[in-house]
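Worksheet: one structure, shown below.
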Amino acid sequence: MKIGVIGAGHVGASCIMAILGRGAAHEIVVIDSNEQRVNGVVTDMQYGTPLCPPVRLIAGGYGDLGGAELILVAVGINEKTGGAMDRNDPAGRLRLLDSNAAIIADIVPRIVAAAPSAIILIVTNPPEPLTELARHYAGHDKVMSSGTYLDTLRFRFYVARELGIHAGQVNAQVVGEHGNSRVLLWSSARVAGAAVLDLIPQENVEAFKAKVEAQVKNANITIIEGTGASQFGIGIACGRLIEAITRDEHAVFPLGSHLADYGTTLSVPTVLARRGIVRTLKPVMSDSERAALERSAETLRAAYAKLTRG
């Protein structure tokens, strides 16, 4: 599969590395406004391609996207640059919306002009309102975001660490916003069919939940404080998504797409195949989780409405 990656910064480069390692594409066109950087990234990575499944790396422009089946958008400012590093700020990643929306408005028409039938995968934060915006400029529905996939992986990781098991054995989902209104679905979290919360002494359940939720919420800021950019986890996650698309897996991931029932883009379990989103699934939720998801949707609707009014 031929794909394009827009953005050769920390996140874009990490995504490319993961895609190469999984053999998830036979051709990758890398585009960045910084021509020197994109040439450097491609030149450096190409020396490792003899050890990977066959792939062609191209430092190109939008005109080189012809025939691409998927375009991954990983360009924009992050929390550090955008002033969204306050753990107590309820807006969180939504602080980045105005700045990154201008970038989406610029690049999506150029993507569609070159590759009109390509799936567009938004990784840039905040992904949900940016996916709504990209859908508007693309004029089609083959637009999705990495959504709460990374939140879900973090949820599984921290639950597993607390329980002393491998994270791959935890079946748990995060839905809604990839941000502060995210909803951790504790009611359906399972390990080998057993409810996660049943594995915790009853008197410790609330403290257990609070600890895990804080770790998931603050992960990005903790990473950025240490390294300047949150890149490797999302890179690995996107590599897996591209692999699932290339192999037509019909695998299920919590991804962001426009859901008519909520009137906005948010994340729910999503069946992913070569043609993109096949369908979305309604997760099992408690009444409180369902209400929290409605609040998350309202937060995202309000953010997008404010953006379009501005």
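Read the figures in this text as sums done on the coordinates, not as results from a lab. Being a predicted model, the structure only gives us computed values, none of them experimental. Positions of Cβ are generated from backbone atoms using ideal geometry, with glycine treated the same way; all protein chains shown enter the neighbour counts.
Gain in length, His136 to His250, computed as 0.36 nm per residue apart minus the alpha-carbon separation, to one decimal in nm?
Values: separation 114, 0.36 × 114 = 41.04 nm, distance 2.61 nm.
Contour length minus Cα-Cα distance gives 38.4 nm.
For Asp89 and Glu298, what is the calculated FRET efficiency with R₀ set at 22 Å and r taken between the beta-carbons, to the nearest 0.05? It comes out at approximately 0.75. With a Förster radius of 30 Å applied to the C-beta separation of Ser187 and Leu51, the computed FRET efficiency comes to 0.10. Every Cα-Cα pair of segment 84-176 was included, and the share exceeding 15 Å stands at 66 percent.
Helix 149-163: angle to the longest alpha-carbon principal axis of the chain, degrees 0 to 90, nearest 10? It works out to around 40 degrees.
Size of the dipole of segment 2-145 about the Cα centre, Lys and Arg at +1 and Asp and Glu at -1 on the beta carbon, nothing else charged, in debye to 20? Intermediate values should be presented prior to the final figure.
On the way: 11 positive and 14 negative charges, 44 e Å.
Once rounded to the nearest 20, the dipole reads 200 debye.
Length gained on full extension, Arg279 to Thr81: 67.7 nm, using 0.36 nm per residue less the C-alpha separation. For segment 47-76, the residues whose amide N sits under 15 Å from a probe point set 7 Å from the Cα of Ser117 along the beta carbon direction are 66-71.
So what is the 222 nm mean residue ellipticity for the chain from helices alone, if each DSSP H run of at least 4 adds -39500 (n - 2.57) and you divide by all residues, rounding to the nearest 500 deg cm²/dmol?
Taking each H run of at least 4 residues, the total per residue is -14500 deg cm²/dmol.
Once segment 149-191 is represented by equal point scatterers at the alpha-carbon sites, with solvent omitted, what log10 I(q)/I(0) does the Debye formula produce at q = 0.22 Å⁻¹? Here the Debye-derived log intensity ratios amount to -0.65.
Which order results if Leu281, Leu51, Leu153 are arranged by neighbouring Cβ count within 10 Å, fewest first? Mind dumping the intermediate values first?
Working: Leu281 12, Leu51 8, Leu153 22.
So the ranking, lowest neighbour count to highest, is Leu51, Leu281, Leu153.
Bridging of Lys209 to aspartates and glutamates at a Cα separation below 14 Å is possible for Glu162, Asp198, Glu289, once same-chain residues fewer than 8 apart are set aside.
Can you give me the angle between helix 205-227 and the longest principal axis of the chain, using Cα atoms only, in degrees from 0 to 90, rounded to the nearest 10? Once rounded, the angle reads 30 degrees.
May I ask you to work out the translational diffusion coefficient for segment 144-245 at 20 °C, viscosity 1.002 mPa s, via Stokes-Einstein with Rh from the Kirkwood sum over Cα pairs, reported in whole µm²/s? Display every interim value, and only then the final one.
Working: Rh = 14.4 Å.
Translational diffusion coefficient: 149 µm²/s.
Semi-axis lengths, largest first, of the ellipsoid equivalent to segment 1-59 are 17, 11, 10 Å, with √(5λ) applied to each eigenvalue of the Cα gyration tensor. Here's the picture: a label point sits 7 Å out from the Cα of Lys306 along the beta-carbon direction, and within segment 236-277 the residues with their amide nitrogen under 18 Å of it are 264-266. Only one residue of Leu266, Val191, Asn204 has its Cα farthest out toward the positive end of the dipole of segment 149-309, where Lys and Arg carry +1 and Asp and Glu -1 on Cβ, and that residue is Leu266. Normalised radius of gyration (Cα atoms, divided by 2.2 N^0.38 Å) for the chain: 0.97. Cross-link partners of Lys211 among lysines, defined as those whose alpha carbon lies under 26 angstrom from its own and excluding same-chain residues fewer than eight positions apart: Lys80. For the chain, set up a Gaussian network in which alpha carbons nearer than 10 Å are linked by springs, and say which option among Ile122, Ile107, Ile223 fluctuates the most. Residue with maximal mean-square fluctuation among Ile122, Ile107, Ile223: Ile223. Under a Gaussian network description of the chain, with springs only between Cα atoms under 10 Å, the residue in Met17, Met45, Met85 that fluctuates furthest is Met45. Computed from Cα atoms, the angle from the helix 127-138 axis to the main principal axis of the chain rounds to 40 degrees.
All C-alpha pair distances within segment 177-310, sorted into 10 Å bins from zero, spread as 10, 30, 39, 19, 2 percent across the bins.
For the chain, taking a cut-off of 4.7 Å between Cβ atoms, the unpaired cysteines are Cys52. For Lys142, Lys306, the sequence from fewest to most other C-beta atoms within 10 Å is Lys306, Lys142. Per the Debye formula on identical point scatterers at the alpha carbon atoms of segment 2-145, with no solvent, log10 I(q)/I(0) at q = 0.13, 0.21 Å⁻¹ is -0.56, -1.26.
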